[in-house]
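What follows is one structure encoded as structure tokens, with my remarks underneath.
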Amino acid sequence: MLLANKTISILSFLLLIAIWQGLAVYINDNTLPTPAIVIQVLGQEIKSGQLPHHLGITLLRLIISFSISMFLGCAIGILLGINKKIDAFFDNWLVIFLNIPALVTIILCYVWFGLTEFSAILAVVINKLPNVIVTIREGTKALDKDLLEMAYCYKFGRKKTFLHVIWPQLHPFVMAATRSGLALIWKIILVVELLGRSDGMGYQINLFFQLFDVASILAYTIAFIAVIQSIELLILKPLDKKALRWKR
Amino acid sequence: MSDIYIDIKSKTYTTADSQQHTAIADLKLTLPENQFICLVGPSGCGKTTLLNIMANLDTQYEGEISSGQNHIKPSIAYIFQNPRLLPWRTVRENIELALDKPQPDIIDTLLETMQLTHIQHKYPEHLSLGMSRRIAIIRAFATNPDILLMDEPFVSLDTPTARQVRSLLINLWQIRPHTILFVTHNLREAIALADRLVFLSASPMTVVSEVEVSIPRKERNKEALIESFRQQLLDKHTIIKDLI
């Protein structure tokens, strides 16, 4: 069954490439280069050092804004999940921030704080933070009260209760916030870079757009998807496996 | 460790339609050191409320729970109806977490007495309910409390498993004596386990009668003896019939 699933997944991937190849040959135009050309451009960009440089900068921004969002989001989310009054007070704020379009936050940050690295990171954090807060808040509300009572009766204390009772229960919610966070943040970062930075993936893609260089745009996209997939496979999946090893 | 005194003047709560309801009224009990006491009463009479008060999970009451001459608060260990083990920690880790400092020797002895040494590194989800209950018992004994509170811990076990866990519990208790307050609505179970039975009434809950169980410990596995003691109790104290 496992093998069959893997085969299906490989077949579907090959089909996607085949459709792309077919369309590219059919259209026969610069606007849709064939996979082979894109791979060739990818190789050149890596060799020239351009792609690693810009990809690295974007990844650094991603790591910084992601870490800040997750850390603050978890802390605030747990606080709101535990304290009903604070939750009631900030609920409206959350709804407002959740509904502000990303583009608006980015432009406002640039207008208010200048075209700086700080503005760029802040814009991404403001976009991501409400999602993390909501996810973690729901996780905190769903904590098993029986286990918390047990921890109280056996005098676990705050540290032990958090580490051994609360955090393992929040783990699936943190992982959900991480996954949706990575997907959301990297999309926002590209816009942030496109609008107000002079380096990074977003800046490069804007450049290629002006040159109508679709092959480079696709090459950068593939590189970025590969990096995000590697994070999923090399970091998130093993973390999940380790944390859920107790499950039957 | 010393005797423990329960003196609850009243415990009230407000129902959904804003009615004041008295759950416990004038409940006085002395629990002599290392005695095994079974509280027997109808379902919903407030037995769990009493245990929650003793465990400090419920502080909205008038009265006092104290121990010894100096009236200090006794330390407790609570064995819940549901074992309440952390599913993401192994059996051994679950026991270790309840302790202030590592006591590997004590854990080893307890695991051996409860015949669970072989599963100590397994996760609770991989174990049967009977095993999980035994782990909850070990966790409670390991903390060496002034009193062990047990809230119908064998309620959903099948008869042979319940009998096995009961006998392991008594075995453990005889090796490491503790005061135990055991809640049940099963009179046969209470007779098989207890030194003393305390019968409770419902709404409000109060002590109706106290009976010493005279069957020697060695003969508690004889069903016929338990049954005849039960019958005698029911004949002698007609009020008990209405309580169970």
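Where a number appears in this text, it was derived from the coordinates with a stated rule and is not lab data. What you see is a predicted model; the values in this text were computed from it and never measured. Ideal geometry is used to build each Cβ from the backbone, glycine not excepted, and the neighbour counts take in all protein chains shown.
Run through the DSSP bridge list for chain B and note the antiparallel percent, rounded to the nearest 5.
55 percent
When a footprinting reagent is the concern and you count Cβ atoms within 10 Å, what order do A:R158, B:R176, B:R139, B:R92 take, fewest first?
A:R158, B:R176, B:R92, B:R139
Can you pull a Stokes-Einstein diffusion coefficient for the range A:171-248 at 20 °C (1.002 mPa s), Rh from Kirkwood over Cα pairs, as a whole number of µm²/s?
Translational diffusion coefficient: 150 µm²/s.
Given a cut-off of 22 Å, what percent of all Cα-Cα pairs of the range B:1-94 lie beyond it?
Values: 1727 of 4371 pairs.
Value for the range B:1-94 (Cα pairs over 22 Å): 40 percent.
Inside 10 Å of the C-beta atoms of A:140-151, what's the mean count of C-beta atoms belonging to other chains?
Mean partner shielding for this stretch: 3.
Too long at a 20 Å Cα-Cα cut-off: which of A:K85/A:K141; A:K145/B:K28; B:K9/B:K47?
Numbers: A:K85/A:K141 13 Å; A:K145/B:K28 30 Å; B:K9/B:K47 15 Å.
A:K145/B:K28, as the Cα separations exceed 20 Å there.
Express in whole angstrom the spacing between the alpha-carbon centres of the range A:120-164 and the range A:172-239.
28 Å
Using the count of nearby Cβ atoms within 10 Å as a rough guide to exposure, how do B:D26, A:D29, A:D240 rank from fewest to most?
Ranked by crowding around the Cβ, least crowded first: A:D29, B:D26, A:D240.
Per residue of B:77-88, what is the mean number of Cβ atoms on other protein chains within 10 angstrom of that residue's Cβ?
5
Which semi-axis lengths, in whole Å and largest first, follow from the square roots of five times the eigenvalues of the Cα gyration tensor of the range A:72-136?
They are 25, 12, 9 Å, listed from largest to smallest.
Evaluate the distance, in nm, between pseudo-label points positioned 7 Å from the Cα of B:Q19 and of B:N34 along their respective Cα→Cβ axes.
Modelled inter-label distance: 4.7 nm.
Which residue fluctuates most in the GNM of chain B (Cα springs below 10 Å): B:S201, B:S67, B:S43?
B:S43
From the C-alpha gyration tensor of the range A:1-157, pull out the three semi-axes of the equivalent ellipsoid (sqrt of 5λ each), sorted largest to smallest, in whole Å.
43, 26, 16
Rounded to a whole number, what is D in µm²/s for the range A:1-63 from Stokes-Einstein with the Kirkwood radius over alpha-carbon pairs (25 °C, 0.890 mPa s)?
Details: Rh = 14.3 Å.
So the translational diffusion coefficient is about 172 µm²/s.
In deg cm²/dmol, rounded to 500, what helix-only [θ] at 222 nm does the protein assembly as shown give when every DSSP H run of at least 4 residues adds -39500 (n - 2.57) and the total is split over its residues? Walk me through the numbers before you get to the answer.
Working: 20 runs with 287 residues, N = 492.
About -19000 deg cm²/dmol.
Any idea how far apart B:N144 and A:L72 come out in nm if each label point goes 7 Å out from Cα toward Cβ?
4.9 nm
So for chain A, taking the charge dipole from beta-carbon charges (+1 Lys/Arg, -1 Asp/Glu), which of A:F66, A:L103, A:I188 sits furthest toward the positive end?
With unit charges placed on the Cβ atoms, the residue in question is A:F66.
Applying 1/(1 + (r/R0)^6) with R0 = 22 Å to the Cβ-Cβ distance of B:D195 and B:Y5, what FRET efficiency is obtained, to the nearest 0.05?
Values: r = 17 Å, r/R0 = 0.79.
After rounding, the FRET efficiency stands at 0.80.
So how do A:M150, A:M175 line up by other beta-carbon neighbours within 10 Å, fewest first?
A:M175, A:M150
Grab every C-alpha pair in the range B:143-244, bin the distances at 5 angstrom width from 0 up to the longest one, and report whole percents.
Over the range B:143-244, the share of Cα pairs per 5 Å bin runs 2, 11, 22, 25, 20, 13, 5, 1, 0 percent.
So which helices of chain A fit the span-like rule, where a helix is a whole DSSP H run, its Cα atoms reach 18 Å or more along the axis, and its mean Kyte-Doolittle is at least -1.0?
A:2-27, A:35-48, A:50-82, A:84-99, A:117-141, A:167-196, A:214-231
Could you check the spin-label model distance between A:V111 and B:N82? Points 7 Å from the Cα along Cα→Cβ, value in nm.
Taking the simple label geometry, A:V111 and B:N82 are separated by 5.2 nm.
For A:R158 and A:N30 in one chain, what is 0.36 nm times their gap in residues minus the Cα-Cα distance, to one decimal in nm?
Gain in length upon complete extension: 39.9 nm.
Determine the principal axes of the Cα atoms in the protein assembly as shown, then give the extent along each, sorted from largest to smallest and rounded to whole angstroms.
Over the protein assembly as shown, Cα extents along the principal axes are 101, 51, 41 Å.
Determine the relative contact order of chain A: mean sequence separation of Cα pairs under 8 Å and six or more apart, normalised by residue count, in whole percent. Before the final figure, lay out the partial values.
Values: 219 pairs, mean separation 65.3, N = 248.
For chain A, the relative contact order is 26 percent.
Of the DSSP beta bridges with both residues in the protein assembly as shown, give the percent that are antiparallel, rounding to the nearest 5.
DSSP beta bridges in the protein assembly as shown are roughly 55 percent antiparallel.
Hey, got the average number of other protein chain Cβ atoms within 10 angstrom for residues in A:164-172?
2
Using 0.36 nm per residue, how much length does the chain from B:D100 to B:S43 gain when fully extended, once their Cα-Cα distance is taken away?
17.0 nm
Under 8 Å for C-alpha pairs, at least 6 residues apart: give me the relative contact order for chain B, rounded to a whole percent.
Result for chain B is 27 percent.
Would you kindly give the portion of the calculated P(r) for the range A:91-218 that falls above 17 Å, as a percent of all Cα pairs?
Value for the range A:91-218 (Cα pairs over 17 Å): 67 percent.
Please work out the ratio of the alpha-carbon Rg of the range B:136-197 to 2.2 N^0.38 Å and round it to two decimals.
Scaled against compact globular proteins, the figure is 1.06.
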